[in-house]
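Here's the structure, in C-alpha cells; my notes come after.
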Amino acid sequence: MTDQKDPLVEFSNALVARTETARNAVAAIRLGHGRHVTGILWPGGVVVASEQALPGREEDFELVGPGGATVASRIAGRDPSTNIAILKPLEIMAAPAIGSAGQARAGAIALAVGADGTGGASARLGIVNRAGPEWHSIRGGLIDQRIVLDLRLAHREEGGPVLDASGLCLGMSTFGPRGQVIVIPTATIERIVPLLLKDGRVARGWLGVALQAVAVPDALRESSDQSSGLMVMSVVEGGPAAQAGIVAGDIILSVDGTPAHRFRRIARHFGSESIGRKSEVRLIRSGAVNTVQVTIAERRT
Amino acid sequence: MSEAAGQLMPIAPLRVAIRSNDALRRAALALMVSRSGHLVVGMDEAADVVLADGSGLAGETRSVVRLGGTEDGSQGALPRGADASQIDAAIRAVAAGLIVRAPGPADAGFGAMGEADSHALLTPRELEVLAALAEGMTNKAIARRLDISLHTVKFHMESLFRKLGARTRTEAVAKASERRRRETIML
C-alpha cells in the first residue's frame, strides 16, 4: 500500500509510462542479416534516422512500426553534414506529437528510446553529461547545441528519440567519436527535414579544396595583417578553386572580407545561398598577398 | 613500474619483409619499421611478418599486415595512411597470432571539426620539414632539400616537437598525421 507513495516506485513507473508513449514514435529500420537501427516517426509523414547508420548504397528499407507492422520505405533525403536522413514510408505511419524540449542542461535526466525490432521499445536512462553551444561537424554542418549523454547505447538503438524529464524530445541519439553518445538537437532536425523533403539534400557551397589551419610566417604577418590562415593541402581537379588557379600551398587569409583564421568563421559563407556567388579570396602565394575571384559551386556528394 | 614495462617488450626483434611497388614508399616503411625496433629483411628471406602495400599477396604463408587494398584474408589490415605506432602495433599483434582490423568510417562516429590551439599551429615551413621527416630524411638531407642551414633545420625541429608535444621524430610524424586527419577541412 505504501508502495504508491514510494518516490522510487513512482520514478520507475513514470519511466515505464514515458517509454510506452515513446514506443509509438519509433520504428525499426531493417538493414538485413537480422540487424536494424532506429528511426523517429516525425510529423509530416517521414521517419528521421541517423545518416551514418544507414548503408550508403541502399535506397529501400523495410520498417517495423509500433505494434510490429512492417512497411516498405524509401530514402527521401540524407545530409551527412548534420547526420540526418529521412525515409518516406509507402503507407502512412502516424507520428505522435512529442513536444520539442528547449536547451539541454548538464545534469538533466535523459531517456533514450530505441526500437526493439518487433514493434516494441527499448530504453536507456542517463543524464546529460555535457551541454554546450552550437558546433560544426567535420563535414561543415551546423548542429544547434552540443549534447553529450552519459548512457550506453546499442547500435540498433541509434537514431531513436532522447526525452527529457518532462517527456519532451531533446533530439535524436547518435554515436560521436570513440563510442560517445551524443544528441542531434530537435532544433537541428526541424531545420534540416524541410530542406531534405524539398530537395533530398542540403545544398552547400563548395570550393574544391582540402584545408589545414597554419600559422602565417612571421615575415608575412604585417603585410597579411593576420597570424593564421587556412593552407590549401590539395585541390579537386576541375573544381571552383582549380578553375580560379588556386594551388596547393596557397594560404587562404579571407573570403569576402571574413578572416579565415578558423574554419568556423567562414563556414557560414558557404550555405546554400553562396552557390553561384563570385567571392574574393585573399591568399598568400610565394610570399606575397594576392586576391583571386572564385565562383562558388555546389558541393558534390 | 619500469620492470613491468620492460617485460612487455619482445625479447627478440621481429623479422619484417616489406612489399611495395614504390621505392620511396618502401624506404619510408622500412625506416618506420626499423625505428620501431624490428629487423627489415628481403621478401625472399625468412620473415615473421610481411608488410604489404595493398592486397594481392595470394599464396603468402607468412602473416601479412596489409596497408590499404581490399579484404583478402590478411591477418592485419590497416588504412594506407596508417601511422608508425599503428603499423608497429599491427606487426606485433599478427606475430602474436592476433587479427588486426582498423575501425571503418561507420565506427568513427559523428564528430566535430577539430581545431588546433592557435599557439600550436604549424607554419608552412614546419609542414615542409615534417614531410621530409616522414620520408625518413636526416637533418642534413632536409637542409639540402629546403636549401636552409642545418642550424635552421634544428630550430624548426625543436619548434615542431614543442607544438606537437612529441619527444621523438617518429612520434612527431605520428602526431602530425593524426592532427592532419582530424583537422583537415574539405571545402
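Based on Cα contacts under 8 Å between residues 6+ apart, chain A shows a relative contact order of 13 percent. Here the Gaussian network model covers chain A, with springs between Cα atoms less than 10 Å apart; of A:26, A:202, A:232, A:232 fluctuates the most. Could you check how many percent of all C-alpha pairs in chain A are farther apart than 36 Å? In whole percent, the share of Cα-Cα pairs in chain A beyond 36 Å is 30. When only the Cβ of Lys, Arg, Asp and Glu is charged (+1, +1, -1, -1), the dipole of region A:205-298 relative to its Cα centre reaches about 200 debye. Charge dipole of region B:118-183 (Cα centre as origin; +1 on each Lys and Arg Cβ, -1 on each Asp and Glu Cβ, all else neutral): 120 debye, rounded to the nearest 20. For chain B, treating each Cα as an identical point scatterer without solvent, what Debye log10 I(q)/I(0) comes out at q = 0.09, 0.13, 0.16 1/Å? Values, matching the q order: -0.39, -0.79, -1.12. Using a Gaussian network model of chain B in which every pair of alpha carbons under 10 angstrom is joined by a spring, one finds that among B:22, B:72, B:83 the greatest mean-square fluctuation is at B:22. A Förster radius of 22 Å combined with the Cβ-Cβ distance from residue B:62 to residue B:34 puts the calculated FRET efficiency at roughly 0.75. Compare A:171, A:77, A:229 in a GNM of chain A, Cα atoms joined below 10 Å, and give the one with the largest fluctuation. Of A:171, A:77, A:229, the most mobile in the Gaussian network model is A:229. Taking every C-alpha pair closer than 8 Å and separated by at least 6 residues, the mean separation divided by the residue count of chain B gives a relative contact order of 16 percent. Here the calculated FRET efficiency for residue B:168 and residue B:71, from their Cβ-Cβ distance with R0 = 35 Å, stands at 0.60, rounded to the nearest 0.05.
For the pair residue A:243 and residue A:20, the difference between a 0.36 nm per residue extended length and the Cα-Cα distance amounts to 74.6 nm. Taking other C-beta atoms within 10 Å as the exposure proxy, B:113, B:186 rank B:186, B:113 from fewest upward. Just check region B:118-183 against the gyration tensor rule for me: Cα atoms, a ≥ b ≥ c as the square roots of the eigenvalues, rounded for a/c under 1.5, and otherwise prolate or oblate depending on whether a/b exceeds b/c. Note, shape of region B:118-183 comes out prolate. Our summary gives region B:118-183 a relative contact order of 33 percent, counting only alpha carbon pairs under 8 angstrom and 6 or more residues apart. Per-residue mean of foreign Cβ neighbours for B:117-130 is 4 (Cβ atoms of other chains, 10 Å radius). To the nearest ten degrees, helix A:7-23 and the longest principal axis of the Cα atoms of chain A are 70 degrees apart.
Per-peptide packing, taken as the mean over residues of other Cβ atoms within 10 Å, places A:114-125, A:91-102, A:43-54, A:211-222 in the sequence A:43-54, A:114-125, A:211-222, A:91-102 from highest down. Please give the helix A:186-199 orientation as an angle from the longest Cα principal axis of chain A, in degrees from 0 to 90, rounded to the nearest 10. The helix A:186-199 is inclined about 70 degrees to chain A.
On the basis of the beta-carbon distance and an R0 of 35 Å, residue A:256 and residue B:119 show a calculated FRET efficiency of 0.80.
Where a number appears in this text, it was derived from the coordinates with a stated rule and is not lab data. Just so it is clear, the structure is predicted and the values come from calculations on it, not from any experiment. Reconstructed Cβ throughout: ideal geometry from the backbone, glycine too, with neighbour counts over all protein chains shown.
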